[in-house]
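Working notes for the structure below.
FYI, it's all coordinate maths here, none of it is from the lab. For clarity, every value in this text was computed on a predicted model and none was experimentally measured. Neighbour counts are summed over all protein chains in view; Cβ atoms, including those assigned to glycine, are modelled from backbone coordinates with ideal geometry.
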Amino acid sequence: MPLDKMKRVVFPKEWSLQVYLEQSKREVEARLSQLPLLSSRHTPAGEAMRYALATPGKRFRALMVIATADIFEKGSDAVVMGAALAVESIHLASLILDDLPCMDDASLRRGQPTLHTRVGEADAILAAMALVAEAHHQLRGDLAQRRSEMKKLNRMSQVLTHAYSLDGLSGGQSDDLQDRPDLDLAALELIHAKKTGTLFTASVELACIWCGARAREQEQLVSYAKNLGLAFQIKDDLLDREDSKQTGKDSAKDTHKTTFVSLLGAKACHELYSELMEAALAQLKPLGDGARHIRELTHAIWHRLN
Ligand code: IPE
Ligand code: IPE
Ligand code: MG
Ligand code: MG
Ligand code: MG
């Protein structure tokens with residue numbers, strides 16, 4: 001069945017927020033398992049994509065789209081799920097490329113062998129490229145049915161494209177690969193904002209555009225996502241020092257790099273991490289009870305162990 005035609009579950013108010021997150025994640029994963037929706041899905045690159053999609057990610061970016069839309073009681077819209085799948089697909093493509101020998105040369109991802117070590121570099125790269133195409137396909141959905149929404153969909157498409165552009169993830173990843181021992185905190189913050197932050201800000205913006213959020217609400221949510229995105233990469237850098245059994249990734253990959261941890265030390269990073277997460281939560285306050293879903297997600301992100 002086309003994803004467009006599948007109805008999302010509308011969550012009863014009395015369901016606990018934890019169940020909400022679990023159910024939403026299950027639903028995202030059910031839909032990811034159907035991708036790509038193309039007849040050529042059984043080519044080697046298609047199989048590679050399916051292997052990668054099935055690995056157990058936390059799906060935080062998809063959940064952020066849904067939880068933001070639920071502030072406006074639109075988390076069950078088909079377009080919202082399309083946007084959630086889109087950001088998750090871009091994210092997964094970025095991980096596949098990030099793990100390649102020419103980038104971080106990683107052997108473990110999500111507790112499993114990295115994609116290129118399983119299928120070879122060629123099909124890993126092609127799977128990543130096809131995931132980017134799939135992201136746009138998911139975002140735009142069945143255009144014949146969505147003609148009246150073209151203005152919003154075009155703006156959403158721009159936001160998604162910007163997220164992985166040179167001003168976003170691709171540029172940030174490129175900067176990150178430069179061997180620059182002179183990096184200071186401000187320069188590092190900019191790299192983090194581009195390589196990790198833009199996909200989180202895009203997640204909230206996509207939902208805001210679709211839901212018709214007011215300018216002030218969108219500003220608060222973007223500011224929330226900026227704090228959270230920076231915090232997320234600082235925590236990721238801290239996790240690089242933990243056991244790979246816990247994180248599901250190779251450990252000590254960043255020892256040669258300038259990171260927040262190498263500049264500030266682990267203790268100060270833990271403190272900064274908490275401050276940024278508090279700052280992110282503070283941005284949600286004016287949104288009141290409607291923000292309960294995204295607040296719950298924020299706590300899940302804050303206390304993640306991998
Ligand atoms: C890892 O992201 C890459 C970074 C941007 C730090 P996640 O920690 O969200 O990875 P998955 O999707 O859960 O594997
Ligand atoms: C890369 O950061 C973030 C991406 C945009 C993929 P890392 O290289 O630190 O991510 P991990 O630790 O491999 O997940
Ligand atoms: Mg990297
Ligand atoms: Mg990496
Ligand atoms: Mg890392």
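Determine the relative contact order of segment 14-302: mean sequence separation of Cα pairs under 8 Å and six or more apart, normalised by residue count, in whole percent.
Details: 392 pairs, mean separation 63.9, N = 289.
Rounded, it is 22 percent for segment 14-302.
Trypsin sites (Lys or Arg not before Pro) within segment 56-87: which are DSSP loop residues with at most 15 other Cβ atoms inside 10 Å? Display every interim value, and only then the final one.
On the way: sites: 58, 59, 61, 74; in loops: 58, 59, 74.
Passing both the DSSP loop test and the Cβ count: 58.
With +1 on each Lys and Arg Cβ and -1 on each Asp and Glu Cβ, how big is the dipole of segment 14-302 about its Cα centre, in debye rounded to the nearest 20? Show your work: numbers first, answer last.
Values: 34 positive and 40 negative charges, 171 e Å.
Dipole size: approximately 820 debye.
On a 23 Å Cα-Cα criterion, which of the cross-link pairs 195/249; 74/195; 58/285; 152/285; 195/285 come out too long?
On the way: 195/249 18 Å; 74/195 28 Å; 58/285 25 Å; 152/285 27 Å; 195/285 27 Å.
Long pairs (Cα-Cα over 23 Å): 74/195; 58/285; 152/285; 195/285.
Between residue 278 and residue 37, what is 0.36 nm times their sequence separation minus the Cα-Cα distance? Round to one decimal in nm.
Values: separation 241, 0.36 × 241 = 86.76 nm, distance 3.99 nm.
Contour length minus the Cα-Cα distance gives 82.8 nm.
What dipole magnitude, in Debye to the nearest 20, does segment 20-95 give about its Cα centre under +1 on Lys/Arg Cβ and -1 on Asp/Glu Cβ? Present the calculation step by step, with values, prior to reporting the outcome.
Working: 9 positive and 8 negative charges, 41 e Å.
Using Cβ point charges on Lys, Arg, Asp and Glu, segment 20-95 gives about 200 debye.
Pop the C-beta distance of residue 270 and residue 184 into the FRET formula with R0 = 22 Å and round what comes out to the nearest 0.05. Spell out each step's value before the answer.
Numbers: r = 20 Å, r/R0 = 0.93.
Calculated value: 0.60.
³J(HN,Hα) across segment 160-165 via Karplus (A = 6.51, B = -1.76, C = 1.60, θ = phi - 60°), whole Hz, x for Gly/Pro?
Couplings: 4, 5, 4, 4, 10, 6 Hz.
Using amide H atoms built in the peptide plane, which far-off residues or other-chain residues are under 5 Å from residue 59 H to H?
Amide H neighbours of residue 59, under 5 Å, 5+ apart: none.
Residue by residue, what Karplus-based ³J(HN,Hα) values in Hz, rounded to whole numbers, does segment 65-76 have, using 6.51, -1.76 and 1.60 with θ = phi - 60° and x for Gly and Pro?
After applying 6.51 cos²θ - 1.76 cosθ + 1.60, I find 4, 5, 5, 5, 4, 6, 4, 9, 6, 10, x, 8 Hz.
Which order do the peptides 287-295, 191-199 come out in when sorted by mean C-beta neighbours inside 10 angstrom, highest first?
Sorting 287-295, 191-199 by mean packing, highest first, produces 191-199, 287-295.
Taking 4 °C and 1.567 mPa s as the conditions, I'd like the Stokes-Einstein D for the chain in µm²/s, using the Kirkwood hydrodynamic radius from alpha carbon pairs.
Details: Rh = 19.6 Å.
The Stokes-Einstein estimate is 66 µm²/s.
Which of the listed residues, 157, 16, 178, is farthest toward the dipole's positive end in the chain, when Lys, Arg count +1 and Asp, Glu count -1 at the beta-carbon?
Sorting the options by dipole projection puts first 16.
Given segment 108-178, report the % of alpha carbon pairs whose separation exceeds 15 Å. Display every interim value, and only then the final one.
Values: 1693 of 2485 pairs.
I get 68 percent for the Cα pairs in segment 108-178 exceeding 15 Å.
What are the ³J(HN,Hα) values, in whole Hz, obtained from phi via the Karplus relation 6.51 cos²θ - 1.76 cosθ + 1.60 with θ = phi - 60°, for each residue of segment 24-34 in sequence order, with x given for Gly and Pro?
Whole-Hz 3J(HN,Hα) from phi for segment 24-34: 5, 5, 4, 5, 4, 5, 4, 6, 4, 5, 8.
Provide, for q = 0.11, 0.23 Å⁻¹, the log10 of I(q)/I(0) from a solvent-free Debye sum over equal Cα point scatterers in segment 128-221.
Normalising to I(0) and taking log10 leaves -0.40, -1.16.
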